[in-house]
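The values are calculated or read from the model by the stated rules, or taken from the named source; none is laboratory data. Quick caveat, the model's predicted, so the values are computed rather than measured. All Cβ positions, glycine included, derive from the backbone under ideal geometry; neighbour counts span all protein chains shown.
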Protein chains: 2
Amino acid sequence: MLDSPGALPPEDPRQPETGLPVAVPSTALFTDQYELTMLQAALRSGTAERRSAFEVFTRRLPEGRRYGVVAGTGRVLDAVENFRFDDRMLTFLSEQGVVDGPTLEWLAGYRFRGDILGYPEGEVYFPGSPLLRVEGTFAECVLLETVILSILNHDSAVAAAASRMAVAAAGRPLIEMGARRTHELAAVAASRAAYVGGFNSTSDLAAGFRYGIPTVGTSAHAFTLLHDTERDAFSAQVASLGSGTTLLVDTYDVAEAVRTAVEVAGPELGAVRIDSGDLLLLAHRVRQQLDDLGAEKTRIVVTSDLDEYAIASLAAAPVDAYGVGTQLVTGSGHPTCSMVYKLVARADSDEPGAPLRPVAKRSMGGKSSLGGAKWAARPLDSAGVAESEVVGTGPVPPELADHQLQVRLVRGGSVVAREPLETARERHLAAMARLPMSAMQLSRGEPVLPVEHV
Amino acid sequence: MLDSPGALPPEDPRQPETGLPVAVPSTALFTDQYELTMLQAALRSGTAERRSAFEVFTRRLPEGRRYGVVAGTGRVLDAVENFRFDDRMLTFLSEQGVVDGPTLEWLAGYRFRGDILGYPEGEVYFPGSPLLRVEGTFAECVLLETVILSILNHDSAVAAAASRMAVAAAGRPLIEMGARRTHELAAVAASRAAYVGGFNSTSDLAAGFRYGIPTVGTSAHAFTLLHDTERDAFSAQVASLGSGTTLLVDTYDVAEAVRTAVEVAGPELGAVRIDSGDLLLLAHRVRQQLDDLGAEKTRIVVTSDLDEYAIASLAAAPVDAYGVGTQLVTGSGHPTCSMVYKLVARADSDEPGAPLRPVAKRSMGGKSSLGGAKWAARPLDSAGVAESEVVGTGPVPPELADHQLQVRLVRGGSVVAREPLETARERHLAAMARLPMSAMQLSRGEPVLPVEHV
């Protein structure tokens, strides 16, 4: 069963920061100004120290999607740990008059000392799932809103697209190659999220450097065009990268290129890549041609504007791997999730033992939220298939205790659930395996699990 | 007229790096692995030093869009300047076997020493516009592909959405507040691009810190919920931020909140913010109520799921400012541009004086490109309105010389066109003012200028 708050995963011994160029020394300014002005006003009104619980959840999935995928949790933990205001930042806030002197002083000593519970990375979710709960004083929790949402909204959107593409690919390898289609650092996070969602490798060197994701890549059309003939280019590439390399065969004429490729590299040629044209037709033709040339083991990689539907449409084609760019890093039509970070409970005073009571914005235009800190459980039927997502406040019913979804991520300000990325990737596979079969449908539909509030 | 290669804008005396947490010390790993394997193969085959010209262009605008907006150029210049491989990166590339020893040695000494020409930031563009030309050896130019495209594709997508929203807002101020809906660093670049496209301020403190964009923000629903009553919350905020602050009035009942707000802050209350509900109806009601309460100067800010169409639909409503999040940072349906970086010309040998000759991939599935390094000009009619975008190779016809769009950005590896962000913002306004009126239509249509190839 999934980790529950009582059963913590072992801490990963790796440092949270493996270095530049991707990690940033402080995350404290990835923050909307109003978090700081609220802090200032609360410090002044004496409400800043009231114990509070904020929750991250979404009111809906993107239209037609059947499940969401939690991704970015590991990055959230790094971001919380590195949320510190250094002198240059404080000088900026002071010079711009963002907050007053007492608030600057408070910020100078800030570090998060509260608790965070949440769905572990790779887990699936549904509308209303309490994905993350941040508990502490109002002041220390409110500051984290923007950066937590940035990370989860972006990474989960990419992971959801990746997961659907992985379903469509049905076991064939998927290469993430969307770096050029999104912000250069979003690209690194996208590689990471794609890996969680089921991708196998990335073209992005920074993602390899930062997260240890396997990197791949051989050549582009420019390399062929640089040489006087396609044969020259193929020869140069094989001389440098070996016959196991992947030759790009659609710069001029595909059939001619395939012939030249096998002549140059021999039948042990690793793969050919097709980046344009009618991929279904071309894959069949190229496979036939390769087989006729004795290159039965040479694989075919396709990489042209793929999304989950295009991947699915190639299920019967002799394709050995898919490279996906734009549609992956832009969430296949849904580049962000609609996760929000809401105050759901708070104490009436700053007395240490004051009980938390539920609070909620009144419904208007669909923007209501449910008060109270929530637990969530996903009970299974006798066949091991999830039946529903049960969400509630108060004590967890004993029969659901073993099916809880939230794990403890941060305790008293210390990260207690750092884990290798591989673990999140495996967790996603395990979570998918427990969903009803309809989760595997690419067609539009309702969320595959109903969320029941008790 | 626009800056032409002969008339360089003065260099901005500011340092390219104003500091953390947003700048990164090296951009060299924001690179697809194949750039490096192509380099290795070219070094080995003796083609690496052939002089080459790469061009950035797009084959199409997003469906129905009438113009594109160049943004990110300033970030590209920083990225090119900071494209260096340090020891840790080289160790990574070595340990992972990405490239061989001679290539690592070459990379260790890398810095770009070529030339870059391009459309200046804020300029508009059309399908086929030669947005950027990178000239140098194949080796030094090919490495920059991924990071240049990442930046331009992301930033230009946001700037285009911003520009349309600015058209819709017709002079009313626009606040960028989408940080929580996109990657935390993409958010900073998005603020920057939105500013170029016509936004006035941002909620994102990192964007203020890094780029000097004005930051704004006061409070969220959590602040109201933290307090025992709405009145307590408003009093706390006014006590801390003054009566010129913006009070959020839709946590419970809007009419009651507006009454309380004016009671607490007095008629000098700066603004009220409405974040949910029927904004058109509410804006009229709240305006009437404020006026009845004597708060005629209190402004109304609306911030609920706005895009350019929602903004336009509020044109007749008494709204004083718009806050835009999700739809801005995700490019209002088009989160990336389809810009590509293509080798368009190269020498036949690595002799220093060898002439460049045009090269191009053969057309297949619409992915053809036009060979040769291109110039672009946008002649005006007698009323000062642009007539067409003329793109050509070879010498520029004398009558078009004064209407050229490209400026020199980098000469011999040195950035020569750094400029304040304000300049790009003004350039965008000037470029828009020269487009035919149909550019201001939000409805779907064709690009407003035809691109003529000569």
### Query
Do you know which of the residues in the stretch A:388-427 that are among the charged types (D, E, K, R) and out of contact with any Phe, Trp or Tyr (no Cβ under 9 Å at 6 or more places or on another chain) is surrounded by the fewest Cβ atoms within 10 Å (Cβ to Cβ)?
A:GLU399
### Task
Please specify each residue of the stretch A:99-157 satisfying the condition of being farther than 22 Å from A:GLU452 by Cα, among the small types (Gly, Ala, Ser) and under 17 Å from the mean Cα position of the chain (by Cα).
A:SER150, A:SER156, A:ALA157
### Residue list for the stretch A:328-358, restricted to those being of a type in the set (Lys, Arg) and more than 30 Å from B:PRO335 (Cβ to Cβ)
A:ARG346, A:ARG357
### Query
Within the stretch B:284-315, which residues are crowded, with 21+ Cβ neighbours inside 10 Å, in a helix (DSSP H, G or I) and of a type in the set (A, V, I, L, M)?
B:VAL286, B:LEU290, B:ILE311
### Task
Could you pull out the residue among A:VAL98, A:VAL76 that is modelled with pLDDT of 95 or more, within 25 Å of A:ARG425 (Cα to Cα) and within 12 Å of chain B (Cβ to nearest Cβ)?
A:VAL76
### Query
If you go through the stretch B:66-101 one residue at a time, how many are touching a Pro at 6+ places or on another chain (Cβ under 9 Å) and either hydrophobic (A, V, I, L, M, F, W, C) or closer than 30 Å to B:ARG164 by Cα (or both)?
9
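Going by the conditions given, is A:ARG408 assigned to a strand (DSSP E or B), modelled with pLDDT of 95 or more and over 30 Å from A:ARG44 (Cα atoms)?
Spelling it out, A:ARG408 is indeed assigned to a strand (DSSP E or B), modelled with pLDDT of 95 or more and over 30 Å from A:ARG44 (Cα atoms).
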## Note on the structure
Exactly one of A:THR27, A:THR58 is in the same structural domain as A:ARG113 (by TED's automatic domain parsing) and either within 30 Å of A:GLY212 (Cα to Cα) or modelled with pLDDT of 50 or more (or both), and that one is A:THR58
### Query
Hey, among B:ARG51, B:ARG44, which residue is in contact with a strand residue (DSSP E or B) (Cβ under 7 Å, 6 or more places away or on another chain), modelled with pLDDT of 90 or more and among the basic types (Lys, Arg)?
B:ARG51
### Query
Of all the residues that make up the stretch A:326-342, how many are surrounded by fewer than 24 Cβ atoms within 10 Å (Cβ to Cβ) and among the β-branched types (Val, Ile, Thr)?
2
### Query
Looking at A:ALA417, A:ALA345, A:ALA376, A:ALA354, which one is touching a residue at least 12 places away in the same chain (Cβ under 8 Å), outside any strand (DSSP E or B) and over 20 Å from the mean Cα position of the chain (by Cα)?
A:ALA354
### Message
I'd like to check which helices (runs of 4 or more DSSP H) are fully inside the stretch A:125-241 and have at least 3 residues that are free of Cβ contacts under 8 Å to residues at least 12 places away in the same chain.
### Response
A:230-241
### Task
Considering only the stretch A:79-95, state which residues are facing another protein chain (nearest Cβ under 9 Å) and either of a type in the set (Phe, Trp, Tyr) or in contact with a strand residue (DSSP E or B) (Cβ under 7 Å, 6 or more places away or on another chain) (or both).
A:PHE92
### Query
Is there a residue in the stretch B:265-274 that is more than 30 Å from A:VAL344 (Cβ to Cβ), away from chain A (no Cβ under 13 Å) and of a type outside the set (D, E, K, R)?
yes
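For (1) outside the structural domain of A:ARG427 (by TED's automatic domain parsing); (2) touching a Ser or Thr at 6+ places or on another chain (Cβ under 6 Å), each residue gets a yes or a no:
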site: A:LEU132; (1), (2): no, no
site: A:GLU135; (1), (2): no, no
site: A:VAL142; (1), (2): no, no
site: A:LEU149; (1), (2): no, no
site: A:ASN153; (1), (2): no, yes
site: A:ARG180; (1), (2): yes, yes
### Task
Hey, could you check the stretch A:239-259 for residues that are under 17 Å from A:ALA222 (Cα atoms) and of a type in the set (D, E, K, R) and say which is farthest from the chain's Cα centre (by Cα)?
A:ASP253
### Task
Kindly list the number of the only condition in (1) modelled with pLDDT of 95 or more; (2) touching an Asp or Glu at 6+ places or on another chain (Cβ under 8 Å) that fails for A:ARG259.
(2)
## Note on the structure
Of the listed residues (B:GLY212, B:GLY171, B:GLY198), the one being within 16 Å of B:SER332 (Cβ to Cβ) and either more than 7 Å from chain A (Cβ to nearest Cβ) or modelled with pLDDT under 95 (or both) is B:GLY198
### Summary
Checked B:GLU399, B:GLU419, B:GLU426 against criteria (within 26 Å of B:ARG66 (Cα to Cα) and either charged (D, E, K, R) or modelled with pLDDT under 95 (or both)); the one match is B:GLU426
